[in-house]
Amino acid sequence: MTEVLNLIFTQNFLTRALVVGILVSLCSSLLGVSLVLKRFSMIGDGLSHVAFGAMAIACAANVAPLYFALPIVIFAAFLLLKMNESGKMKGDAAIALISTGALAVGVMATSLTTGMNIDIYNYMFGSILTMTDSDVIISTVLSAIVISLFIIFYNEIFAVTFDESFAKATGTPTSLYNMLISALTAVTIVVGMRMMGALLISSLIIFPTVTSMKVCKSFRRVIISGALISVFCFVSGLVLSVKYEAPTGASVVCFNIYLFAAVSAFKALKSRNKPRAKVLSVISALLFSLIYIVVMVFGTSGIYNRDSDRISVVTTAFAQYDFARNIVGDKGEVTMLLSPGEESHTYEPTPSDIMKIKECDVFVYGGGESEKWAEVILESVSEEIKTVKMMEAVELFEESHEEEGHEHTANHSEVEYDEHVWTSPYNAVTITEEISKAVIEADRANEAYYKDNTEEYISKLKELDDNFMNTVKNSTYGTIIIGDRFPLRYLTERYGLEYFSAFPGCSAQAEANPVTVSSLIDKVKADSIPVVFKVDLSTGKVAETISAATGAEVLTLYSCHTVSAEDFNNGTGYIELMERNLKGISAALN
Amino acid sequence: MPLISCKNVNLSYENNSVIENLNFCVNEGDYLCIVGENGSGKSTLIKSILGLKETSSGHLHMENGLSRKEIGYLPQQTTAQKDFPASVNEVVLSGCVSRKRKSFFFTSKEKAMAVENMKKLDILELKNKCYRELSGGQQQRVLLARALCAGKKMLLLDEPVTGLDPIVTMDMYNLIRKINKELGVTIIMVSHDLHSAVAYADHILHLNKTGSFFGTVVEYLASDTYRKFGGEI
């Protein structure tokens, strides 16, 4: 426990999370009381979907999401209010309309542009640990505004919440205060989304109020205890997430549920008309507290502690992990942040992961869209850490956004580059050399050993490169069909292969375009291509559809971005995976 | 001295005309009961008097310097209030919200006024009790105290005895009469209970689509309207 608290107060990224989290918890619990009592609980949920839609559009249009979403969500809040007041539509139906509408627009915007990228994923599930300084400043200012307006207009808010028709009849401008409550809710939702995510933020509004309403008998006490409950659950959730590597947003919500259950049990037992009701209720309260203390204080923590003096190399994804471990051998530790089998595009660093980066000697990362968080963390690490950014080491191709994967310059204001640079063995050589340089700089003592390892590994990579060259040169066809997304562009470019894929680039889109799929089926049929590929760790549904329509065999291509748990445990490396690719491609081309 | 005058007023609800050519006036110290069948426009009229709703045509005005700030209102209870966690003191004080203008929070003057009104309605000992845990009659008293905080000259009561048992209903009527006679507060009450209306009020406004009746109780008892509808409400 003390270790965790120490970490929270000494590590910049955790202190920021603590400050913003407490402020957002306060705002949401204050407004929650009014919303729950006015039977507007779902408004938070509706607005969070609107905020999500707005953020998705902002990401697509490349504008600052927070500034873009704020006016839109406030507008949506007013719109909901007006729809409700005019009585033309029932509140729940209006909320459902607006929230699903906004969600659909957001999904459209994402799918037509970048695909489901890490930013959008973050706004869905929250990402409290990778907040930037400007995020913190904006959140703090907005929260301060919400809290002070709430306190200033406390009496009016009570009057409007308790009995709107009375307040209106006696001359209180109720629609003004309703607009105030809506606007404050909108601001809270937008600020809170960064930390809790669109899917969880509304629980922060509802839970503390509902829990404190169970025990408190006056409005003021509900507000104060709601605020305390909210802050308590947030801090507990943060500590839990640091201690056990759990996602912060979900941990906070779990504590809210836990407290709600505890209070409900206590109250239910106490109000029974039986002897010993009071004793039982006290026992239940003690039991809940005991479990809390055991979990928070005594549980074994998963926090990373660097305990060795040997060189420590931390990498994000699998390919660079394998390169590094071939260089370092048994002279140090190589850590991969992505768990085997984990989807790289939705990866979210845990506090421990951030500690690993902060305490390592060499950090190797790709530097693409899906690893934006790495840049945020690197801003706050010491200069002594050697970093290797793979995308800086090799020649880049722009990411393809065109279906069927032909060369095409995306008309974006900012060009996105394909980040899967390691997929060509030729690039792998360059990257290995870069990593080797960094490792040697960090640990001169074992220079000769690392140099030998590097040379040996590079010779294997070069052999692999030659094999690919020869296979493609001696093949019948020159085209491969991928019924999946396509992360292996550097590979095909290197060997002059033509490819057609179901999804452009590497976006994790849910649905393939039917026109693209049918054109792929036509192509396979026309040229009687024997193999259609899927990519490892995908469901391969599109590839199977094409296979069912054409009789072509489904084979797997390995991106080496991540690796299945089974392969990881068997010690399978980049070279083995690439040899499987070679075999598959050879079958497809002949 | 008339406080409210209503001349040739037409009212409509969702574009359907509900009241046509309505004429009445309320003098200071009056106790007026508004009766009529469901849908005859009682609530619509109350809203129009309070200025929450526009009249379609005609003249409906507060007279002699009466303003909305001096009218206390007892609306029908909403479902949301049934589980609302608020203390009696908080509810009564909220009647003062429209009075305070200069300061953000309640002044000691407003707090004293709330205490005084709770005393008048015999609920001072409930001050720190939770509103949702009170009986129906106690809740109505709390809301009356709040209404008195909002306005001293006139009270508008929208079916104040709905859901109360007979004994509490009697108490409530006596209380309202006391407020009218002893505190000199003008009362306008919407009621379903014609017998009590006739027993307690001094004026009756009977709303009816084909022609409303307005007059004193004695006049009302002698009228065609009473003979025709009296038994049915």
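Would you confirm whether or not the range A:36-58 contains a residue that is in a helix (DSSP H, G or I), within 14 Å of chain B (Cβ to nearest Cβ) and of a type in the set (A, V, I, L, M)?
yes
I'm checking my understanding of the structure. Among residues of the range B:56-80 that are assigned to a loop (DSSP other than H, G, I, E, B) and surrounded by 20 or more Cβ atoms within 10 Å (Cβ to Cβ), which one is modelled with the lowest pLDDT?
Filtering first and then ranking leaves B:LEU66.
Looking only at the range A:299-320, count how many residues are β-branched (Val, Ile, Thr), in a loop (DSSP other than H, G, I, E, B) and at pLDDT 85 or above.
Total satisfying the criteria: 1.
What number of residues within the range A:148-164 are surrounded by fewer than 17 Cβ atoms within 10 Å (Cβ to Cβ) and more than 9 Å from every other protein chain (Cβ to nearest Cβ)?
Summing the residues that are surrounded by fewer than 17 Cβ atoms within 10 Å (Cβ to Cβ) and more than 9 Å from every other protein chain (Cβ to nearest Cβ) in the range A:148-164 gives 1.
If A:GLU85 satisfies every condition in (1) in contact (Cβ under 8 Å) with a residue 60 or more places away in the chain; (2) touching a helix residue (DSSP H, G or I) at 6+ places or on another chain (Cβ under 6 Å); (3) charged (D, E, K, R) but one, which is the exception?
(2)
Evaluate the range B:128-151: report whether one residue or more is farther than 26 Å from B:ASP83 by Cβ and not in a strand (DSSP E or B).
Yes, the range B:128-151 has at least one match.
Could you identify the single residue in A:THR174, A:THR209, A:THR248 that is more than 30 Å from B:LEU148 (Cα to Cα) and within 14 Å of another protein chain (Cβ to nearest Cβ)?
The match here is A:THR209.
Considering each of A:ILE120, A:ILE181 in turn, give the residue that is out of contact with any strand residue (DSSP E or B) (no Cβ under 8 Å at 6 or more places or on another chain), in a helix (DSSP H, G or I) and at pLDDT 85 or above.
Result of the check over A:ILE120, A:ILE181: A:ILE181.
Checking A:ALA96 against (1) surrounded by 14 or more Cβ atoms within 10 Å (Cβ to Cβ); (2) farther than 14 Å from A:GLY46 by Cα; (3) modelled with pLDDT of 85 or more, which single condition isn't satisfied?
A:ALA96 satisfies all of (1) surrounded by 14 or more Cβ atoms within 10 Å (Cβ to Cβ); (2) farther than 14 Å from A:GLY46 by Cα; (3) modelled with pLDDT of 85 or more except (2).
Determine whether A:VAL33 is within 14 Å of chain B (Cβ to nearest Cβ), buried (at least 24 other Cβ atoms within 10 Å of the Cβ) and among the aliphatic types (A, V, I, L, M).
Answer is yes for this residue.
Results for (1) touching a Pro at 6+ places or on another chain (Cβ under 9 Å); (2) of a type outside the set (Ser, Thr, Tyr); (3) without any contact (Cβ under 8 Å) to a residue 24 or more places away in the chain, shown as yes or no for each residue.
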| position | (1), (2), (3) |
| --- | --- |
| A:ASP92 | no, yes, no |
| A:LEU112 | no, yes, no |
| A:PHE125 | yes, yes, no |
| A:PHE150 | no, yes, no |
| A:ASN155 | no, yes, yes |
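Looking at (1) surrounded by fewer than 16 Cβ atoms within 10 Å (Cβ to Cβ); (2) farther than 25 Å from B:SER17 by Cα, which is the one condition that is false for B:ASP224?
It is condition (2) that B:ASP224 fails.
In contact (Cβ under 8 Å) with a residue 40 or more places away in the chain and within 24 Å of A:ASP466 (Cβ to Cβ): which single residue out of A:VAL554, A:VAL531, A:VAL524, A:VAL542 fits that description?
Being in contact (Cβ under 8 Å) with a residue 40 or more places away in the chain and within 24 Å of A:ASP466 (Cβ to Cβ) holds for just one of A:VAL554, A:VAL531, A:VAL524, A:VAL542, which is A:VAL531.
Within the range A:568-590, is there a residue that is within 27 Å of A:LEU112 (Cα to Cα), in contact (Cβ under 8 Å) with a residue 24 or more places away in the chain and aliphatic (A, V, I, L, M)?
Checking the range A:568-590: not a single residue is within 27 Å of A:LEU112 (Cα to Cα), in contact (Cβ under 8 Å) with a residue 24 or more places away in the chain and aliphatic (A, V, I, L, M).
Among the residues of the range B:44-73, count how many are out of contact with any Lys or Arg (no Cβ under 8 Å at 6 or more places or on another chain) and within 11 Å of chain A (Cβ to nearest Cβ).
Residues in the range B:44-73 being out of contact with any Lys or Arg (no Cβ under 8 Å at 6 or more places or on another chain) and within 11 Å of chain A (Cβ to nearest Cβ): 5 in total.
Tell me whether the range A:133-143 contains one or more residues that are hydroxyl-bearing (Ser, Thr, Tyr), surrounded by fewer than 20 Cβ atoms within 10 Å (Cβ to Cβ), closer than 27 Å to A:ILE181 by Cβ and in contact (Cβ under 8 Å) with a residue 60 or more places away in the chain.
yes
Residue-by-condition table, conditions (1) closer than 19 Å to B:SER94 by Cα; (2) over 14 Å from the mean Cα position of the chain (by Cα); (3) modelled with pLDDT of 90 or more; (4) within 12 Å of chain A (Cβ to nearest Cβ):
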{"site": "B:VAL115", "(1), (2), (3), (4)": "yes, yes, yes, no"}
{"site": "B:GLU125", "(1), (2), (3), (4)": "yes, yes, yes, no"}
{"site": "B:LYS129", "(1), (2), (3), (4)": "yes, yes, yes, yes"}
{"site": "B:ARG146", "(1), (2), (3), (4)": "yes, no, yes, yes"}
{"site": "B:LEU155", "(1), (2), (3), (4)": "yes, no, yes, yes"}
{"site": "B:GLU159", "(1), (2), (3), (4)": "no, no, no, no"}
{"site": "B:LEU164", "(1), (2), (3), (4)": "no, yes, no, no"}
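Please identify the pairs in which a residue from the range A:353-365 that is under 17 Å from A:ARG310 (Cα atoms) and part of a helix (DSSP H, G or I) has its Cβ atom under 6 Å from the Cβ atom of a residue that is of a type in the set (A, V, I, L, M) and modelled with pLDDT of 90 or more, counting only partners at least 6 apart or on another chain.
A:LYS356/A:VAL314; A:ILE357/A:VAL314
What about B:ALA80, is it within 14 Å of chain A (Cβ to nearest Cβ), in contact with a Ser or Thr (Cβ under 9 Å, 6 or more places away or on another chain), without any contact (Cβ under 8 Å) to a residue 24 or more places away in the chain and among the aliphatic types (A, V, I, L, M)?
So B:ALA80 passes the test.
For the range B:85-113, which residues satisfy the criterion of being more than 9 Å from chain A (Cβ to nearest Cβ) and free of Cβ contacts under 8 Å to residues at least 12 places away in the same chain?
B:ARG101, B:LYS102, B:SER103, B:THR107, B:SER108, B:LYS109, B:ALA112
Would you confirm, using the coordinates I've provided, whether A:ILE529 is surrounded by 17 or more Cβ atoms within 10 Å (Cβ to Cβ) and in a helix (DSSP H, G or I)?
no
Cβ-Cβ under 6 Å, sequence separation 6+ or interchain: first residue in the range A:322-343 and in a loop (DSSP other than H, G, I, E, B), partner of a type in the set (A, V, I, L, M, F, W, C). Which pairs?
Pairs found: A:LEU338/A:ALA317; A:PRO340/A:VAL563; A:PRO340/A:ALA565; A:PRO340/A:PHE568; A:GLY341/A:ALA565.
Need the failing condition index for A:SER127 against (1) closer than 30 Å to A:PHE13 by Cβ; (2) crowded, with 19+ Cβ neighbours inside 10 Å; (3) within 14 Å of chain B (Cβ to nearest Cβ), just the number.
(3)
Taking B:PRO85 and the conditions (1) under 26 Å from A:ILE152 (Cα atoms); (2) surrounded by fewer than 18 Cβ atoms within 10 Å (Cβ to Cβ), which numbered condition does it fall short on, given that it satisfies the others?
With respect to (1) under 26 Å from A:ILE152 (Cα atoms); (2) surrounded by fewer than 18 Cβ atoms within 10 Å (Cβ to Cβ), B:PRO85 is out only on (2).
What's the number of the only condition in (1) in a helix (DSSP H, G or I); (2) under 18 Å from A:ASP163 (Cα atoms) that B:LYS109 fails to meet?
That leaves (2) as the condition not met.
Name the single residue, out of those in the range A:213-237 being without any contact (Cβ under 8 Å) to a residue 60 or more places away in the chain and within 11 Å of another protein chain (Cβ to nearest Cβ), that is nearest to A:GLY192 (Cα to Cα).
Out of the qualifying residues, it is A:SER225.
In the set A:GLU371, A:GLU419, A:GLU407, which member is within 28 Å of A:SER111 (Cα to Cα) and at pLDDT below 75?
None of the other options fit; the residue is A:GLU407.
Would it be correct to say that B:GLU110 is crowded, with 17+ Cβ neighbours inside 10 Å and either at pLDDT below 90 or among the acidic types (Asp, Glu) (or both)?
yes
The values are calculated or read from the model by the stated rules, or taken from the named source; none is laboratory data. Here the structure is a predicted model, which means the values were calculated and not measured. Glycine also receives a Cβ, built like all others from the backbone with ideal geometry; neighbour counts cover every protein chain displayed.
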